[in-house]
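**Student:** One structure, pasted below without further comment.
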Amino acid sequence: MTGRFRLFLVWFAGYTLSFLILSFYCFTGLAVEDLSEVLGSALVDMTGVFAPYLTPIVAFWFAKEVVQKAAPLPQGPYKVALICSLFYNITIVLLMSALFFLQASSPGYAVNQMLELAGTISSGLAFLVGPAIGFYFGKTE
């Protein structure tokens with residue numbers, strides 16, 4: 001398994017887990033008539049949190065064929081990209097999990113507030129995650 005594929009799995013798992021947690025919360029806490037509106041907008045907002053990172057990872061995956069070289073690439077950039085990716089994804093998954101522990105009067109309001117906070121956290125972590133995965137994917141073949 002290549003480093004690129006491992007990073008893809010980290011990001012895909014983070015997105016999937018966050019969406020599943022959010023969906024479960026909505027299905028258990030919202031009235032049926034509110035489900036489509038809240039979960040629909042939540043999906044768009046959640047995608048906005050992950051798309052800036054997951055999209056280029058997938059694009060790089062298809063843009064370059066992975067070629068084995070005689071001399072292996074240094075592991076430093078991969079490890080930094082992996083650690084930053086894990087930190088980001090674990091942070092967002094834990095944030096979505098917090099929905100179950102909050103005392104919210106309205107589940108729909110809680111979802112909107114968590115996704116707004118996720119967007120803010122995503123922007124705050126961009127300086128850490130973006131360069132790490134960009135450098136790694138830009139330098140690997």
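The values are calculated or read from the model by the stated rules, or taken from the named source; none is laboratory data. It should be emphasised that the depicted structure is a prediction, and the values quoted were computed from it without experimental measurement. Every residue, glycine as well, gets a Cβ built from its backbone with ideal geometry; the counts of neighbours run over all protein chains shown.
**Student:** Please work out if LEU99 is of a type outside the set (Asp, Glu) and touching a residue at least 24 places away in the same chain (Cβ under 8 Å).
**Tutor:** Answer is yes for this residue.
**Student:** Those residues that are in contact (Cβ under 8 Å) with a residue 40 or more places away in the chain and closer than 30 Å to VAL80 by Cβ, I need them from region 16-37; list them, please.
**Tutor:** LEU17, SER18, ILE21, LEU22
**Student:** Something else now. Taking only pairs six or more apart or across chains, which ones have beta-carbon atoms under 7 Å, a first residue in region 109-133 that is modelled with pLDDT under 90, and a second residue that is of a type in the set (A, V, I, L, M)?
**Tutor:** Sorted first by the residue in region 109-133, then by its partner, the pairs are ALA132/VAL80; ALA132/ALA81; ILE133/LEU7; ILE133/ILE57; ILE133/ALA81.
**Student:** Could you tell me how many of the residues in region 98-128 are surrounded by fewer than 16 Cβ atoms within 10 Å (Cβ to Cβ) and either touching a His at 6+ places or on another chain (Cβ under 8 Å) or not β-branched (Val, Ile, Thr) (or both)?
**Tutor:** Here the count works out to 19.
**Student:** Still on this structure: Among the residues of region 1-46, write down those that are closer than 23 Å to THR120 by Cβ and of a type in the set (Ser, Thr, Tyr).
**Tutor:** The answer is TYR15, THR16, SER18, SER23, TYR25, SER41.
**Student:** Which one is farthest from SER18 (Cα to Cα) among residues in region 84-94 that are of a type in the set (A, V, I, L, M) and touching a residue at least 40 places away in the same chain (Cβ under 8 Å)?
**Tutor:** It comes out as LEU86.
**Student:** Still on this model: Answer yes if at least one residue in region 11-23 is surrounded by 11 or more Cβ atoms within 10 Å (Cβ to Cβ) and either modelled with pLDDT under 90 or more than 28 Å from PHE137 (Cβ to Cβ) (or both), and no otherwise.
**Tutor:** Yes: region 11-23 contains one or more residues that are surrounded by 11 or more Cβ atoms within 10 Å (Cβ to Cβ) and either modelled with pLDDT under 90 or more than 28 Å from PHE137 (Cβ to Cβ) (or both).
**Student:** From the list GLY40, GLY48, which one is farther than 19 Å from LEU102 by Cα and in contact (Cβ under 8 Å) with a residue 60 or more places away in the chain?
**Tutor:** GLY48
**Student:** Moving on. Kindly check whether there is at least one residue in region 70-92 that is more than 18 Å from PHE8 (Cα to Cα) and at pLDDT 90 or above.
**Tutor:** Checked against the condition, which is being more than 18 Å from PHE8 (Cα to Cα) and at pLDDT 90 or above, region 70-92 yields no hits at all.
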